[in-house]
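Student: Before I ask anything, let me first share the structure, which is written out below as structure tokens.
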Amino acid sequence: MRAARWRLASRCVAAALGGYALASTLPVALVALVAPATLARADAALVALQLSFVVYTGAVVWAFAARSAALAWAALVLATLLSGGIARVVL
Amino acid sequence: MAWLHAWLGLLLGGLLYFMFVTGTLGYLDSAIDRWMRPELPAARYPLPPEPALRQAQAFLQTHAHEARRWSITLPIDRNEPYLRVAWQGEAGSGAAYLDPGSGHQIATRATGGGQTLYQLHWRLHYLPARASEWIVGLASFVLLIALVTGLIVHRRIFADFFTFRPGKGQRSWLDAHNLASVVSLPFQLMITYSGLVFVMFTLMPLIPAAWYGAGNSGQQAFLNEVFPPLAPAQAAGRRAALAPLEQLLPDVRAQWGAAPVASIDIQDPHDARARILVVGDFAAGPLRAANILAYDGVSGARLAQRPAWQSAPRALRDLLLGLHEGLFAPPVLRALYVLSGLLGAAMIATGMVLWTVKRRQRGDRHAGLALVERLNVAVIMGLPVAIAAYFWANRLLPLGLERRADWEVHALFLAWLLMFAWAALRPARRAWREQALLAAALCAALPLLNALTSAQHLGRALAQQDLAMAGFDLAALAAGALFAGMARALARRQALSG
């Protein structure tokens with residue numbers, strides 16, 4: 001019983017914090033990759049901001065739908081690192 | 001998923017219900033404003049701008065000549081039905097409703113009006129601005145998750161679309177919850193997502209940081225690029241006469257054609273570098289954006305202009321904000337907005353009740369359940385009582401009372417607090433019925449209160465086509481009838497179950 005509670009709590013933290021991290025990086029990476037070079041940076045940031053809540057929602061659903069809490073964490077951390085890396089390189 | 005949906009609903013349902021109710025009433029804020037200022041005459045709009053501008057400028061010249069900033073709002077539609085002026089300066093700030101014919105101020109009581117009710121929706125109350133922004137933002141995101149998880153849980157959404165099985169306890173509440181949610185689902189998704197866009201700068205500061213650098217300076221640089229000032233100027237320190245505002249109108253018409261001027265903003269009105277901003281109608285279409293023209297305050301020469309459309313990303317934000325506010329909506333769409341807002345409140349309320357009914361039915365008996373049952377009464381039925389108390393306070397508080405507008409809002413929260421105490425002291429079932437009766441009485445008596453405390457009773461309002469006043473009174477009667485109906489249904493249920 002104890003272990004199940006910890007796993008559930010773990011998913012909650014993954015959703016809240018991991019989701020926020022992914023929502024702060026993946027939109028930036030997407031916009032940086034897809035947007036034309038002529039797009040003003042204020043506009044690029046606006047697009048990324050408006051996308052972020054879709055990403056956050058998706059991350060939260062993933063955190064609870066993934067087969068295990070560990071998998072939830074792993075995917076979120078990996079995706080965040082990847083997005084952060086891409087954003088760092090492209091911008 | 002169901003666990004997540006239920007827990008999020010339990011934790012934030014009360015706050016979200018508050019936001020839906022104040023949001024829906026806030027949508028009708030100009031009508032509520034009018035009822036809460038019965039001294040105002042019936043609104044007449046649109047009015048020709050030249051005489052209005054002349055009167056407004058003369059008034060500000062006389063009463064606010066040392067102010068650093070003037071603003072004039074012209075009566076063009078039901079969102080802004082009166083000629084209003086406002087001013088800000090070292091000597092203080094103020095606002096006044098003007099009679100466009102005589103140019104005199106129309107004395108109105110000190111009240112927050114419908115605007116304050118509207119602001120409760122996102123500013124809450126008694127909290128610093130930053131805190132309420134975060135709380136409201138977080139609640140909105142939780143609502144988005146609740147909507148999505150609710151969709152995921154509701155597997156047979158199309159098959160069950162019209163299912164409603166009354167009189168079956170938990171099943172019926174679930175059906176009502178599903179019905180309210182599914183029928184208004186597109187609206188709920190739009191209103192929630194667009195609500196998040198309102199606060200996105202605060203909630204997601206790391207995103208602009210990728211382009212502008214971390215920290216406050218990066219955030220400031222970003223905001224300065226998103227909202228750059230138009231023709232900015234530092235005060236010169238030399239006095240100069242302000243150009244007559246109506247002289248700008250021919251140039252404005254040359255630029256905008258028939259599109260109306262909604263407001264005029266004047267910076268440093270008696271300075272050699274005074275600036276006049278002529279602003280178009282933000283509510284002309286779904287995009288919450290307007291054309292703006294900047295003029296030199298002394299010479300009247302046009303300095304700069306900004307069209308409503310600047311870029312697609314900005315326009316997307318403007319569209320989402322405009323859809324959320326719904327100010328552009330013609331009458332039928334407006335009614336749908338109100339209905340959808342009420343369905344949203346019903347969605348949340350039925351969810352909150354469902355949580356307790358389900359657990360009662362399966363035999364839970366812990367203190368937490370009793371607590372939630374009573375909190376539900378106070379939140380769901382107590383809030384309408386509290387809002388009615390706000391309107392009663394508007395008419396009953398002495399006109400000369402210090403900080404009168406603040407006290408009207410205190411009355412709202414004091415009444416709500418009383419409802420919590422009531423719910424704590426009475427069995428939940430009785431409290432539901434009693435508070436529903438109280439809400440019914442307070443709402444249905446509002447037209448009577450209006451007749452007794454103002455010259456603009458329902459009969460006169462209808463005769464003068466004072467639609468805002470009449471609409472409020474009629475809506476209050478309808479709300480009273482609704483709560484009375486609820487009270488009767490609750491009495492019948494109690495009689496059956498003993």
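Bear in mind that the values in this text are calculations on the coordinates, not laboratory data. Predicted model, so just to flag it, every value in this text is computed and none were measured. Here the Cβ is made from the backbone with ideal geometry for all residues, glycine too, and neighbour counts use every protein chain on show.
Student: Going by the alpha-carbon gyration tensor, a ≥ b ≥ c the square roots of its eigenvalues, is the range B:348-439 rounded (a/c under 1.5) or, if a/c is not under 1.5, prolate (a/b greater than b/c) versus oblate? Show your work: numbers first, answer last.
Tutor: Working: a/c = 3.12, a/b = 3.00, b/c = 1.04.
The shape class here is prolate.
Student: Out of B:LEU120, B:ALA468, B:TYR212, whose Cα points farthest toward the positive end of the dipole of the protein assembly as shown (charges: +1 Lys, Arg; -1 Asp, Glu; placed on Cβ)?
Tutor: Checking the options against the dipole of the protein assembly as shown, the answer is B:LEU120.
Student: For the range A:2-90, take the convex hull of the Cα atoms, compute a quarter of its surface area, and give me that in nm², please.
Tutor: Details: hull surface 21.8 nm².
Hull-based average projected area comes out at 5.5 nm².
Student: Among B:TYR97, B:PHE162, B:VAL85, which residue has its Cα positioned farthest towards the positive end of the charge dipole of chain B, with +1 placed on the Cβ of Lys and Arg, -1 on the Cβ of Asp and Glu, and the dipole taken about the Cα centre?
Tutor: Ranked along the dipole, the leading option is B:PHE162.
Student: Under the 0.36 nm per residue contour assumption, what length would be gained going from the current alpha-carbon distance of B:VAL153 and B:LEU189 to full extension? Mind dumping the intermediate values first?
Tutor: Details: separation 36, 0.36 × 36 = 12.96 nm, distance 1.62 nm.
Taking 0.36 nm per residue and subtracting the Cα distance, the gain is 11.3 nm.
Student: What order do you get for A:CYS12, B:CYS443 when you list them from fewest to most C-beta neighbours inside 10 Å?
Tutor: Numbers: A:CYS12 16, B:CYS443 24.
By the 10 Å Cβ count, ascending, the order reads A:CYS12, B:CYS443.
Student: Taking the Cα centre of the range A:2-90 as origin, work out the dipole magnitude from +1 charges on Lys and Arg Cβ and -1 charges on Asp and Glu Cβ, in debye rounded to 20. Working shown, then result.
Tutor: Working: 7 positive and 1 negative charges, 98 e Å.
Using only the charged Cβ atoms, the result is roughly 460 debye.
Student: Calculate the mean, over all residues of peptide A:63-74, of how many other protein chain Cβ atoms lie within 10 angstrom of the residue's Cβ.
Tutor: 1
Student: Follow-up question, since we're still on this one. What's the exposure ranking of B:THR73, B:THR108, going from fewest to most Cβ atoms within 10 Å?
Tutor: So the residues, fewest neighbours to most, are B:THR108, B:THR73.
Student: Compute the Kirkwood hydrodynamic radius of the range B:297-378, taking the inverse of the mean of 1/r over all pairs of distinct Cα atoms, and give it in Å to one decimal. Walk me through the numbers on the way to the answer.
Tutor: Numbers: mean 1/r = 0.0567 Å⁻¹.
Computed over Cα pairs of the range B:297-378, the Kirkwood hydrodynamic radius comes out at 17.6 Å.
Student: Another one. Within 10 Å of each candidate Cβ there may be at most 15 other Cβ atoms; applying that plus a DSSP loop requirement, which trypsin sites (Lys or Arg not before Pro) in the range B:1-97 survive?
Tutor: Filter output for the range B:1-97: B:ARG44.
Student: How large is the translational diffusion coefficient of the protein assembly as shown in µm² per second when you combine the Kirkwood radius over alpha carbon pairs with Stokes-Einstein at 37 °C and 0.692 mPa s? Walk me through the numbers on the way to the answer.
Tutor: Numbers: Rh = 26.7 Å.
It diffuses with D of about 123 µm²/s by this estimate.
Student: Compute the FRET efficiency between B:GLN310 and B:GLN220 as 1/(1 + (r/R0)^6), taking r as their Cβ-Cβ distance and R0 = 22 Å, and round to the nearest 0.05.
Tutor: Working: r = 20 Å, r/R0 = 0.90.
With a Förster radius of 22 Å, E is 0.65.
Student: Let me ask you something else. If the range B:365-498 were replaced by its equivalent ellipsoid, with semi-axes equal to the square roots of 5 times the Cα gyration tensor eigenvalues, what would those be, largest first, whole Å? Walk me through the numbers before you get to the answer.
Tutor: Numbers: eigenvalues 197, 76, 16 Å².
Semi-axis lengths for the range B:365-498 are 31, 20, 9 Å.
Student: In the range B:106-182, what trypsin sites (Lys or Arg not before Pro) fall in a loop by DSSP, with at most 13 other Cβ atoms inside 10 Å? Don't skip to the end; give the middle numbers.
Tutor: Working: sites: B:ARG109, B:ARG123, B:ARG130, B:ARG155, B:ARG156, B:LYS168, B:ARG171; in loops: B:ARG109, B:ARG155, B:ARG156, B:LYS168.
Of the trypsin sites (Lys or Arg not before Pro), the ones in loops of the range B:106-182 whose Cβ has at most 13 other Cβ atoms within 10 Å are B:ARG155, B:ARG156, B:LYS168.
Student: Just rank B:PHE483, B:PHE162, B:PHE413, fewest to most, by other beta-carbon atoms within 10 angstrom.
Tutor: On the way: B:PHE483 24, B:PHE162 10, B:PHE413 15.
Taking fewest neighbouring Cβ atoms as first place, the list is B:PHE162, B:PHE413, B:PHE483.
Student: Additional query: Could you give the longest part of chain B that holds none of the GluC sites (Glu not before Pro) found in DSSP loops with at most 13 neighbouring Cβ atoms within 10 Å? All intermediate terms of the calculation are to be shown ahead of the outcome.
Tutor: Values: sites that count: B:GLU39, B:GLU66, B:GLU90, B:GLU402.
Excluding the exposed sites themselves, the longest stretch runs over B:91-401.
Student: Now for a different question. Please report, in debye to the nearest 20, how large the charge dipole of the protein assembly as shown is about its Cα centre when each Lys and Arg carries +1 at its beta carbon and each Asp and Glu carries -1 there.
Tutor: Values: 51 positive and 31 negative charges, 529 e Å.
About 2540 debye.
Student: Okay, moving on. Hey, what do the phi angles of the range B:268-274 turn into as Karplus ³J(HN,Hα) couplings, whole Hz, using 6.51/-1.76/1.60 and θ = phi - 60°, x for Gly and Pro?
Tutor: 6, x, 10, 9, 5, 10, 5
Student: Now a separate question. Among B:VAL279, B:LEU418, B:TRP392, which residue has its Cα furthest toward the positive end of the charge dipole of the protein assembly as shown, with +1 on Lys/Arg Cβ and -1 on Asp/Glu Cβ?
Tutor: The residue sitting farthest along the positive end of the dipole is B:LEU418.
Student: Could you tell me how many cubic angstrom of Cα convex hull volume chain B has per residue? List each step's numbers first, then the result.
Tutor: Details: hull volume 87.5 nm³, N = 498.
So the per-residue Cα hull volume is 176 Å³.
Student: Just to confirm a number: summing +1 for Lys and Arg and -1 for Asp and Glu over residues other than B:TYR118 whose beta-carbon lies under 12 angstrom from that of B:TYR118, what do you get?
Tutor: Values: positive: B:ARG123; negative: B:ASP29, B:ASP33, B:GLU325.
For residues surrounding B:TYR118, the net value is -2.
Student: Rounded to the nearest 20 debye, what is the charge dipole size of the range B:54-205 about its Cα centre when +1 sits on each Lys and Arg Cβ and -1 on each Asp and Glu Cβ? It would help to have the intermediate numbers written out before the result.
Tutor: Numbers: 13 positive and 8 negative charges, 93 e Å.
It works out to roughly 440 debye.
Student: Which FRET efficiency, nearest 0.05, do A:ALA40 and A:ARG88 yield, Cβ-Cβ r, R0 22 Å? Let's see the in-between values first.
Tutor: Details: r = 20 Å, r/R0 = 0.93.
Using R0 = 22 Å, I get an efficiency of 0.60.
Student: Label A:ALA9 and B:ALA236 with points 7 Å out from Cα along Cα→Cβ: what is the distance between them in nm?
Tutor: The answer from the label model is 6.8 nm.
Student: Using R₀ = 35 Å, calculate the FRET efficiency as 1/(1 + (r/R₀)^6) where r is the Cβ-Cβ separation of B:ASP251 and B:GLU90; round to 0.05.
Tutor: On the way: r = 32 Å, r/R0 = 0.91.
So the FRET efficiency works out to roughly 0.65.
Student: How charged is the neighbourhood of B:TYR27? Take every other residue with its Cβ under 12 Å from the Cβ of B:TYR27, and add Lys/Arg as +1 and Asp/Glu as -1. Before the final figure, lay out each step's value.
Tutor: Numbers: positive: B:ARG78, B:ARG334; negative: B:ASP29, B:GLU325.
Taking every Cβ under 12 Å from that of B:TYR27, the sum is 0.
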